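Following: one structure in structure tokens, then a few remarks.
The values are calculated or read from the model by the stated rules, or taken from the named source; none is laboratory data. The structure displayed is predicted, hence computed values, not measured ones. Using ideal geometry, Cβ is built from the backbone for each residue, glycine included, and neighbour counts are taken over all protein chains shown. Only protein heavy atoms, including side chains, enter the accessible area calculation; ligands, DNA and RNA are left aside. Shrake-Rupley method; radii C 1.70, N 1.55, O 1.52, S 1.80 Å.
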Amino acid sequence: MSKENKKSSPVSLSEEEQLEIKNTRKYMLDLLVISVAPAVMACYYHGLRALLLIALGIVSAAVCEKAAAKLYKMKSYLTDLSAVTLGMVIALCLSASSPWWLVVTAVSFAVFAVKMPFGGNVNSMFSPVAAAVAFVSICCREVMFSYPAVGAGLKTAVFGSEDYVAGESVADMLLKGNSIGNSIINYIDILIGNVPGPMGAVCVLALLGGLIYLVIRRPKTAVISLCYFASCAAVALIFPRVTTGRLISVFMELSSGLLFIGGLVMLSNERIAPEKLSARILYGICAGLAVMTVRHISSFEDSTAFVILIMNSAAPLFDKIPKMKLGKKKNEKIEIEIIRDTSTENGGAVNG
């Protein structure tokens, strides 16, 4: 085969494409590391079923991405690990009692309707994970927000089966105005994930480990998450949804539903988030305020994914805000200098 044929071969990649795959792989590896601890805890509490759902999510994402690439006539490379990460994170955001078709539906929507049509990994406009969660939350609300009870001797069964035993999540308690009380055991259970909820979003210690890793590896990205959590905590402190104490309100809000994993993985997506540091700070703060506001007025148990999608669409605007302010300051300085120059000239003419 000649050199020209090798260059024109569809298998060969340009230097720009190779660099893009390399950078994407590094970012996805970080997200996978962040997701490992929550996945391990999900398997610990829900056994083989959690592992199978995670595996199904990964395989479905890989198959869907290849099919969508052919459908939309786009390039897709599984070596960048984006499909693996997408399938794994979506599975972690679902209940361990989810039927297999719910995982496949969520992943398929994320790939075919969000990721590939909007430019794949290069020009993402919305978080595919948030879009998938929002989609199944609307279409399959009862299945999406039904979580199996966690405890000794309880087997995680498929939703609707005879062996299925439902449990009450922290997010559902907040929706009803119920509190976890002052028992230290309740706090420990939430910290270690021994409570009903999305199987990869209930272990606070595992998610905190992911946040620390993100701060170390990608501090500029972690700023979004930190500002988001601080904003959520402030609203929970000022406007508690429980009557047993403001600090309990903060603890319950931050550890309920997809609030934590949403801020850690969905909101801080580097391909969607604003570029400037000041814009990222404001982006995180506004996202926290929006999430908590919607939580107070929504009838959904958890509306985090919906708000993150709205914030994703507004992300480019945050980069323009500082530029507008700087432009005004520069114009003001120019006007002041012109006035000074004019006054100096006039003064010189009078003196002459």
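Please tell me if residue 237 is in a helix (DSSP H, G or I), open to solvent by less than 10 Å² (accessible area, probe 1.4 Å) and of a type in the set (A, V, I, L, M, F, W, C).
Against the criterion (in a helix (DSSP H, G or I), open to solvent by less than 10 Å² (accessible area, probe 1.4 Å) and of a type in the set (A, V, I, L, M, F, W, C)), residue 237 does not qualify.
Here's the yes/no breakdown for (1) surrounded by fewer than 22 Cβ atoms within 10 Å (Cβ to Cβ); (2) modelled with pLDDT of 90 or more; (3) out of contact with any strand residue (DSSP E or B) (no Cβ under 6 Å at 6 or more places or on another chain); (4) of a type outside the set (Ser, Thr, Tyr):
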residue	(1), (2), (3), (4)
233	yes, yes, yes, yes
248	yes, yes, yes, yes
258	no, yes, yes, yes
276	yes, yes, yes, yes
282	yes, yes, yes, yes
309	yes, yes, yes, yes
338	yes, no, yes, yes
343	yes, no, yes, no
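In the stretch 284-294, how many residues are over 14 Å from residue 237 (Cα atoms) and open to solvent by 10 Å² or more (accessible area, probe 1.4 Å)?
Of the residues in that region, 4 qualify.
Could you list, in sequence order, the residues of the stretch 36-83 that are among the β-branched types (Val, Ile, Thr) and modelled with pLDDT of 95 or more?
36, 40, 54, 58, 59, 63
Just give me the residues in the stretch 98-139 being assigned to a loop (DSSP other than H, G, I, E, B) and at pLDDT below 95, in sequence order.
Selection gives 116, 117, 118, 119, 120, 121, 122, 123, 124, 125, 126, 127.
Scan the stretch 106-115 and tell me whether some residue there is crowded, with 21+ Cβ neighbours inside 10 Å and under 19 Å from residue 300 (Cα atoms).
yes
Keeping to the stretch 69-98, report how many residues are open to solvent by 10 Å² or more (accessible area, probe 1.4 Å) and of a type in the set (Ser, Thr, Tyr).
Final tally of qualifying residues: 4.
Need the failing condition index for residue 101 against (1) surrounded by 23 or more Cβ atoms within 10 Å (Cβ to Cβ); (2) over 26 Å from residue 207 (Cβ atoms); (3) of a type outside the set (S, T, N, Q), just the number.
(1)
Consider only pairs whose beta carbons are under 6 Å apart and that are at least six residues apart or on different chains; among these, list those whose first residue lies in the stretch 18-32 and is within 17 Å of residue 220 (Cβ to Cβ) and whose second residue is open to solvent by 100 Å² or more (accessible area, probe 1.4 Å).
If the second residue must be open to solvent by 100 Å² or more (accessible area, probe 1.4 Å), the pairs left are 30/217.
Taking only the stretch 161-206 into account, find how many residues are touching a residue at least 12 places away in the same chain (Cβ under 8 Å), part of a loop (DSSP other than H, G, I, E, B) and not acidic (Asp, Glu).
Adding up the residues that qualify gives 20.
Identify, please: which residue in the stretch 149-174 is of a type outside the set (A, V, I, L, M, F, W, C) and surrounded by 14 or more Cβ atoms within 10 Å (Cβ to Cβ) and is, among those, nearest to residue 302 (Cα to Cα)?
So, considering only residues that are of a type outside the set (A, V, I, L, M, F, W, C) and surrounded by 14 or more Cβ atoms within 10 Å (Cβ to Cβ), the one nearest to residue 302 (Cα to Cα) is 172.
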